[in-house]
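The values are calculated or read from the model by the stated rules, or taken from the named source; none is laboratory data. Keep in mind it's a predicted model, so treat the numbers as computed, not measured. Here the Cβ positions follow ideal geometry from the backbone for every residue, glycine too, while neighbour counts run over all protein chains shown.
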Amino acid sequence: MSDSVSIAIMQGIAENLFVNVVHNAFGDPGTAALREILAFLPQHYACAAPDLITGTLFVIRPLDADGVAKALSGGHRSETRIDRLPRRVESVTVFELLDTGAVRVWEQTSIDLTVASNSAVVYRFTPGREDFVVRDRSHAIPNPAQGYMSVFARPTFSSLADELVDYRDRLVRTSTCFLFKNAWEDHNRRLFFKPGPEDWMRKSLHSFLMIRLRDAEVLAEQNVDESHPVDVKVTWTFTLSQALVEIKWLGKSRNAEGKLVEYYDQRACDGADQLADYLNKYRTWNPIVDARGYLVVIDGRRRGLSKETTTVSREDGMYYENREIEFNPKHHVDRTDFDPPIRMFAEPLFSSEVATS
């Protein structure tokens, strides 16, 4: 089932669930107002993914203009184009749908929900929940679709975050992916990476996301400006949402002569700084796009490896399994466009397993 069909089906379910509730409260005008909101929401979320909402968004269709005026306070403005509505909601924002087809925007406002829900049809979205509030009573909108932040929006950033966890657990953890296996000097031991293993890691993740992400274009090594390429870029069709994915590896690589290259925690921190810089550059070049950064850290660290090592004990091989990286600065905390870095620990095979294989 395609995303567009899913949204249409869920939109129909929402309409069937709430028509009677709204009609009982407001009659035919209320039903017409509900349908206006239901038509508006998929259009808005195509321009502004609900993943960008960290506060609360209200969409209201007045039935009594005087009542709504009493319910809201603060400054407002009118917009006639849906693509010019605020895309990031960090506090309380209200979109008031007007008779003219324009939208009155109230930002950083306060709303008397009792008054508003008695004089308008009110939709509310907060992360993890969306509902209609009718005469001061909440009616939750059921969301049976995993990965959908809203039943009225295609999954974008949330779907990518979910797929990265699957990639970590299913393909990287035990090097199941045939492309990822090529990053190892010896995939039957998984102690040292090959020199320059990034290429195989990028190919592996790119291939996985191409298969798993629906309604999205997944491209490898895409420039964020004239000269800086990011490892993977994801663009969701019919939206303004894009993701920049940067991959960094930790551990040791060894060439045929035994020369070692090693990277530890600072490499991941440098990668976070690099990705933050990419996001800044990309915003300059693409100001209308909602871009979000994802740092993937492939962790192949082992304790006590020397250039002569051929096997590793379970204790040394798993030493870094749960040793998280302390990022400073914390871009994922300080910025709204930077997802928490995801560390993917790749297990070795241990001396006892190698001996019996």
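Table for the structure above
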quantity: Matching residues in the range 113-142 - criterion: being within 30 Å of the chain's Cα centre (by Cα) and of a type in the set (Gly, Ala, Ser); calculated: Gly128, Ser138, Ala140
quantity: Residue match in the range 203-215 (condition: under 26 Å from the mean Cα position of the chain (by Cα), of a type in the set (Ser, Thr, Tyr) and crowded, with 19+ Cβ neighbours inside 10 Å); calculated: yes
quantity: Boolean, Ala161 is surrounded by fewer than 19 Cβ atoms within 10 Å (Cβ to Cβ), touching an Asp or Glu at 6+ places or on another chain (Cβ under 9 Å) and free of Cβ contacts under 8 Å to residues at least 12 places away in the same chain; calculated: no
quantity: Candidate set: the range 112-145, residues that are among the acidic types (Asp, Glu) and closer than 20 Å to Leu17 by Cβ; chosen: the one surrounded by the most Cβ atoms within 10 Å (Cβ to Cβ); calculated: Glu130
quantity: Condition broken by His187, with the remaining ones in (1) over 14 Å from Leu160 (Cβ atoms); (2) at pLDDT 95 or above satisfied; calculated: (2)
quantity: Of all residues in the range 67-111 being closer than 28 Å to Gly27 by Cβ and of a type in the set (Lys, Arg), the one that is surrounded by the fewest Cβ atoms within 10 Å (Cβ to Cβ); calculated: Lys70
quantity: Only listed residue being under 30 Å from Asp316 (Cα atoms) and touching a residue at least 24 places away in the same chain (Cβ under 8 Å), chosen from Leu191, Leu209, Leu213, Leu244; calculated: Leu191
quantity: Selection within the range 176-188 - surrounded by fewer than 19 Cβ atoms within 10 Å (Cβ to Cβ) and either in contact (Cβ under 8 Å) with a residue 60 or more places away in the chain or within 22 Å of Ser159 (Cα to Cα) (or both); calculated: Thr176, Glu185, Asn188
quantity: Enumeration of residues in the range 49-64 that are in a helix (DSSP H, G or I) and touching a Lys or Arg at 6+ places or on another chain (Cβ under 9 Å); calculated: Asp51, Leu52
quantity: Selection count where residues are farther than 22 Å from Pro341 by Cα and not basic (Lys, Arg), scope the range 218-258; calculated: 12
quantity: Test: residue in the range 229-242 that is in the same structural domain as Ile211 (by TED's automatic domain parsing), farther than 22 Å from Arg212 by Cβ and modelled with pLDDT under 95; calculated: yes
quantity: Helices (runs of 4 or more DSSP H) wholly inside the range 245-348 containing at least 3 residues that are loosely packed, with under 13 Cβ neighbours inside 10 Å; calculated: 265-285
quantity: Identity of the residue in the range 152-178, among the basic types (Lys, Arg) and over 24 Å from Pro142 (Cβ atoms), that ends up farthest from the chain's Cα centre (by Cα); calculated: Arg173
quantity: Pair list, Cβ < 9 Å and 6+ apart or interchain, from the range 259-270 residues that are under 16 Å from Phe345 (Cα atoms) to residues that are among the hydroxyl-bearing types (Ser, Thr, Tyr) and loosely packed, with under 14 Cβ neighbours inside 10 Å; calculated: none
quantity: Unmet requirement for Asp64, which otherwise passes all of (1) closer than 30 Å to Phe338 by Cβ; (2) surrounded by fewer than 20 Cβ atoms within 10 Å (Cβ to Cβ); (3) at pLDDT below 90; calculated: (1)
